[in-house]
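Read the figures in this text as sums done on the coordinates, not as results from a lab. A quick note: this is a predicted structure, and the numbers were derived from the prediction, not measured. Neighbour counts run over all protein chains shown; Cβ positions are idealised from the backbone, glycine included.
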Amino acid sequence: MSDKRIATSKVAGTWAWAMQRLTAVLLIVLLGIHIWASHFADIDPEETITVAGVEARLDQVLFVVVDYSLLAMVLFHGLNGARTVLFDFDIFAKRKKMIDVALWVLGIATLIWGIVVLFPFIGVGGW
């Protein structure tokens, strides 16, 4: 049995733990707003979702803020959870800095990609 220990501090995971809880609460709120806005706010239940309808919704600043915030929270929450799971394995726990950098790069790249993909639908009506 090996007595090797990985150096940790009590504070090291506190921010990750706190942010996981905060993003979970924000995800519930933002998802509720998104579902309400997408399916119940001034929408005819018989109407089919169209590109024009999505463009009209994204012409409002509130919906853009909610959608981009939802994307950011989902990315952070998911990647932070993956980070926590990876650190449970010794092989990854020894490479914390590398894992952190890789997940931040992946998260930022995916956020930028999500912003770029949604951007053509925004501001068609002129905001």
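Full extension of the chain between VAL29 and THR14 yields a length gain of 3.1 nm, computed as 0.36 nm times the residue separation minus the alpha carbon distance. Projecting the Cα atoms of VAL74, ALA109, PRO120 onto the dipole axis of the range 69-123, where Lys and Arg carry +1 and Asp and Glu carry -1 at the beta carbon, places ALA109 farthest toward the positive end. Both radii come from the Cα set of the range 78-127: Rg as radius of gyration, Rh as Kirkwood radius; their ratio Rg/Rh reads 1.27. In this rough spin-label picture, where each label sits 7 Å from Cα along the Cβ direction, the SER69-ILE99 distance is 3.1 nm.
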